[in-house]
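> This structure is in structure tokens; I'll ask about it shortly.
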Amino acid sequence: MPWFKVQELQIPAIIIYDMTEPLLRNLMALEQCHYPSQTYICNYISLMDSLINTEEDVNLLVEAGIICNHVGDNAKVANMFNKFCKHIRLDGLCYRDILKDLKAHYDNPWNHAVSTVKLKRVYFNSLWRGTGTVAAILLLVLTLVQTICSILQVV
């Protein structure tokens, strides 16, 4: 059944230390100068750059175990990856097809519906958990209504 085909993106993990940026910059320069047709490190960095735009993106990759951050600040890591490929020319990105498939997967509304079903499975997988979730939402709404009514009485 092709519509139930599960694809998993597997990205090699990277450990980020204080000296990672100069090391990767030197490796990228070495590839660009001596191995222009085999720029695997530059392609990996370009892939990570396309996945990372903000600190929240780094948080997701840290939680997934793809990035091990020993710098401490996820904003620094995001800034580092966003600056890597500014002056690098990549003729053939070996991950171009993967990125195109990722974009198509993200833009597909069916996949968003499936993720909604996963949320339902997490918060409504049993009668008690579903009842607790509904009760918590109802309590939050009633508290909000009571707060608004109290403010309106004073004004």
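> Put +1 on the Cβ of each Lys and Arg and -1 on the Cβ of each Asp and Glu in the chain; which of GLY72, LEU138, SER46 then has its Cα farthest toward the positive end of the dipole?
LEU138
> What is the helix-to-structure angle for 109-123, meaning the angle in degrees between its Cα long axis and the longest Cα principal axis of the chain, kept from 0 to 90 and rounded to the nearest 10?
That works out to roughly 60 degrees.
> As a test of reading the structure, rank SER50, SER37 by solvent-accessible area (1.4 Å probe, protein chains only), most first.
Accessible-area ranking of SER50, SER37, largest first: SER37, SER50.
> Next up: If TYR44, TYR17 are ordered by their accessible area, calculated over protein heavy atoms with a 1.4 Å probe, which sequence runs from highest to lowest?
Descending order: TYR17, TYR44.
> Test of understanding: given the chain, find the longest segment containing no trypsin sites (Lys or Arg not before Pro) that are in a DSSP loop and have at most 14 other Cβ atoms within 10 Å.
6-85
> Here is a follow-up. Can you give the angle from 0 to 90° between the axis of helix 74-84 and the longest principal axis of the chain, with both taken from C-alpha atoms, to the nearest 10?
Helix 74-84 sits roughly 40 degrees off the main axis of the chain.
> Note down the relative contact order for region 8-152 as a percent, whole number, built from C-alpha pairs under 8 angstrom at least six residues apart.
Contact order relative to length: 22 percent.
> To two decimal places, what compactness ratio does the chain give when its Cα radius of gyration is scaled by 2.2 N^0.38 Å? Don't jump to the answer; show the numbers that get you there.
Working: Rg = 22.7 Å, N = 155, 2.2 N^0.38 = 15.0 Å.
Dividing the Cα Rg of the chain by 2.2 N^0.38 Å gives 1.52.
> Tilt of helix 96-107 relative to the longest C-alpha principal axis of the chain, in degrees (0 to 90, nearest 10)?
Taking the Cα atoms of the chain, the angle to 96-107 is about 10 degrees.
The values are calculated or read from the model by the stated rules, or taken from the named source; none is laboratory data. The model shown is predicted, which means the values in this text are computed figures rather than measured ones. A quick note on method: Cβ atoms are made from the backbone with ideal geometry, for glycine too, and the neighbour counts reach across all protein chains shown. In case anyone asks, the SASA skips ligands and DNA or RNA and just uses the protein heavy atoms, side chains included. Shrake-Rupley method; radii C 1.70, N 1.55, O 1.52, S 1.80 Å.
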